[in-house]
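Have a look at the structure below, then the notes.
Read the figures in this text as sums done on the coordinates, not as results from a lab. Values in this document were obtained by computation on a predicted structure and should not be read as measured data. We place every Cβ from the backbone using ideal geometry, glycine too, and count neighbours over all the protein chains shown.
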Amino acid sequence: MSDALTVRVDSMGDRSAHRALVARVLRIAPTAWDGVLDAYHAQIDAHATIDARLAALGELMGTHFPDAPAIAGALAVAPCPSCGERRVRARYHRNAAAPSGVMTPYTYGVCEGCGHATLLEGAADSAVYASPAYYQAQGGDGVGYPAYEGERTYREAKGDRLVQWAIGHAPEPPSAILEVGSGFGFTRRAAERLGLRTSGVDLNPAAAAAARRLYGMETFVGTLADAIAADAVRPGTQDLVVYDFVLEHLAAPVEELVLASRLLSPRGALIVRVPGIEAIELASFGSLYRSFRSDHLHVFSRASLERMLDRAGLALTAFDTGCGADLLREILDEPELRAAYTAGRGPDITACAIRRDHANSPRHHT
Ligand SMILES: [Zn+2]
């Protein structure tokens, strides 16, 4: 996932570093990725269309990674968690090693109605979120973060960009922000630097301890439902409620959004960042796509996110896609990547939503 990076690549100058980064994000052997790219450059016509280049890479990936077979077509038993459409078909499958070393295949199905991707089998045990190990290592199944605290500077900067985006899209200038899944407090720190009053909720006691140690911040340990029950957060008090790569981990995201919406002040906005299923990378990486990992129960389309927000009484007011690390830099140039992201085809979705009943109040004139 793009938020588990320590290497920043700002130009094609350091090609080998970039290749290592891609291999790490996709959790494949660097030599195998080199092999794919060598074959790609040997066969591709420099004037090939974007679609042709992505498809050529996709074919080579399929050849080099036969352990990721397509099992397309099988109909899932459960309906789509976003739209309720029953035609969810198995589409992406990968064998991956859990931290225990046990091979744990996982499979995503895609809804033919709204495009939402759902993890059909191979979900990680959600107990991992409360474990200190979650922030110390990453398994072959993509679960967890290696060297999380070592990425502090990078993550504070990332948090700053998210909060700036939120301020820019909120109906009115916010003063109070709650982050659900606040981790070590990197984003809260960025928000405080921007003058906001912050609070945080996180399942992980070790993360809460880290936030206290690093920044002197208090974090409610538990779920948002726990925090509300304990009166640690109150209805109508938050100008921003932020979920930064959290919603995809939850079994019941709509129920969570309902709770979050109750906390919003009359000028409040919900900010969510989630992995997207409509990324151009899918055409090339398929089952090896960065956001397919066994703790991601959901990978969102624009339509599926909008539908979930709607079911929680929220209206989408802003939608952007992008990512922290472009994995296709040897395939697409910078303007091509930017154009794809602008068109909603980046791997990371950032969205803003407000309560529909607030939108109808005189406070909002748009
Ligand atoms: Zn659906």
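If the condition is being within 18 Å of the chain's Cα centre (by Cα) and either near the ligand (Cβ under 8 Å from one of its atoms) or in a loop (DSSP other than H, G, I, E, B) (or both), then region 115-128 contributes 115, 116, 123, 124.
Assess whether residue 287 counts as being of a type in the set (S, T, N, Q) and surrounded by 24 or more Cβ atoms within 10 Å (Cβ to Cβ). The answer is no for residue 287.
Considering region 274-299, and only residues there that are out of contact with any helix residue (DSSP H, G or I) (no Cβ under 7 Å at 6 or more places or on another chain) and either within 16 Å of the ligand (Cβ to nearest atom) or of a type in the set (S, T, N, Q) (or both), the residue that is nearest to residue 140 (Cα to Cα) turns out to be 294. Answer yes if at least one residue in region 137-160 is within 16 Å of the ligand (Cβ to nearest atom) and either outside any loop (DSSP other than H, G, I, E, B) or touching a Ser or Thr at 6+ places or on another chain (Cβ under 7 Å) (or both), and no otherwise. The answer is no, given that none of the residues of region 137-160 is within 16 Å of the ligand (Cβ to nearest atom) and either outside any loop (DSSP other than H, G, I, E, B) or touching a Ser or Thr at 6+ places or on another chain (Cβ under 7 Å) (or both).
Residue-wise test of (1) assigned to a helix (DSSP H, G or I); (2) touching a strand residue (DSSP E or B) at 6+ places or on another chain (Cβ under 9 Å).
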position	(1), (2)
255	yes, no
261	yes, yes
268	no, yes
273	no, yes
279	no, yes
282	yes, yes
285	yes, no
291	no, yes
294	no, yes
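Scanning region 162-190 for residues that are in contact with a helix residue (DSSP H, G or I) (Cβ under 8 Å, 6 or more places away or on another chain), assigned to a helix (DSSP H, G or I) and not hydrophobic (A, V, I, L, M, F, W, C) returns 187, 188, 189. Applying the criterion of being within 18 Å of residue 222 (Cβ to Cβ) and hydrophobic (A, V, I, L, M, F, W, C) to the residues of region 258-283, the residue that is nearest to the chain's Cα centre (by Cα) is 260.
Between 167, 177, the distinction of being under 19 Å from residue 240 (Cα atoms) and either of a type in the set (Ser, Thr, Tyr) or surrounded by fewer than 21 Cβ atoms within 10 Å (Cβ to Cβ) (or both) belongs to 167 only. The residues on offer are 312, 303, and the sole one that is within 16 Å of the ligand (Cβ to nearest atom), under 20 Å from residue 251 (Cβ atoms) and of a type outside the set (Lys, Arg) is 312.
Residue 24 fulfils the conditions (1) more than 16 Å from the ligand (Cβ to nearest atom); (2) touching a Pro at 6+ places or on another chain (Cβ under 7 Å); (3) of a type in the set (Lys, Arg) except for a single criterion, (2). Restricting attention to region 314-343, the residues that are buried (at least 16 other Cβ atoms within 10 Å of the Cβ) and assigned to a loop (DSSP other than H, G, I, E, B) add up to 10.
Tell me, please, whether a residue that is assigned to a strand (DSSP E or B), among the basic types (Lys, Arg), within 16 Å of the ligand (Cβ to nearest atom) and under 19 Å from residue 279 (Cβ atoms) can be found in region 91-104. There is at least one residue in region 91-104 that is assigned to a strand (DSSP E or B), among the basic types (Lys, Arg), within 16 Å of the ligand (Cβ to nearest atom) and under 19 Å from residue 279 (Cβ atoms).
Only residues that are over 15 Å from residue 304 (Cα atoms) and within 13 Å of the ligand (Cβ to nearest atom) were counted across region 75-90, and they come to 3. Assessment of region 36-50 against the conditions (within 16 Å of the ligand (Cβ to nearest atom), of a type outside the set (Phe, Trp, Tyr) and outside any loop (DSSP other than H, G, I, E, B)) yields no matching residue.
Per-residue answers, yes or no, for (1) out of contact with any strand residue (DSSP E or B) (no Cβ under 7 Å at 6 or more places or on another chain); (2) crowded, with 21+ Cβ neighbours inside 10 Å; (3) among the β-branched types (Val, Ile, Thr); (4) assigned to a strand (DSSP E or B):
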| residue | (1), (2), (3), (4) |
| --- | --- |
| 192 | no, no, no, no |
| 195 | yes, no, no, no |
| 201 | no, yes, yes, yes |
| 209 | yes, no, no, no |
| 212 | yes, no, no, no |
| 217 | no, no, no, no |
| 227 | no, yes, no, no |
| 232 | no, no, no, no |
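To keep it simple, each residue is scored yes or no on (1) of a type in the set (A, V, I, L, M); (2) under 18 Å from residue 198 (Cα atoms).
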position: 228; (1), (2): yes, yes
position: 234; (1), (2): no, yes
position: 238; (1), (2): no, yes
position: 250; (1), (2): yes, no
position: 267; (1), (2): no, yes
position: 275; (1), (2): no, no
position: 281; (1), (2): no, no
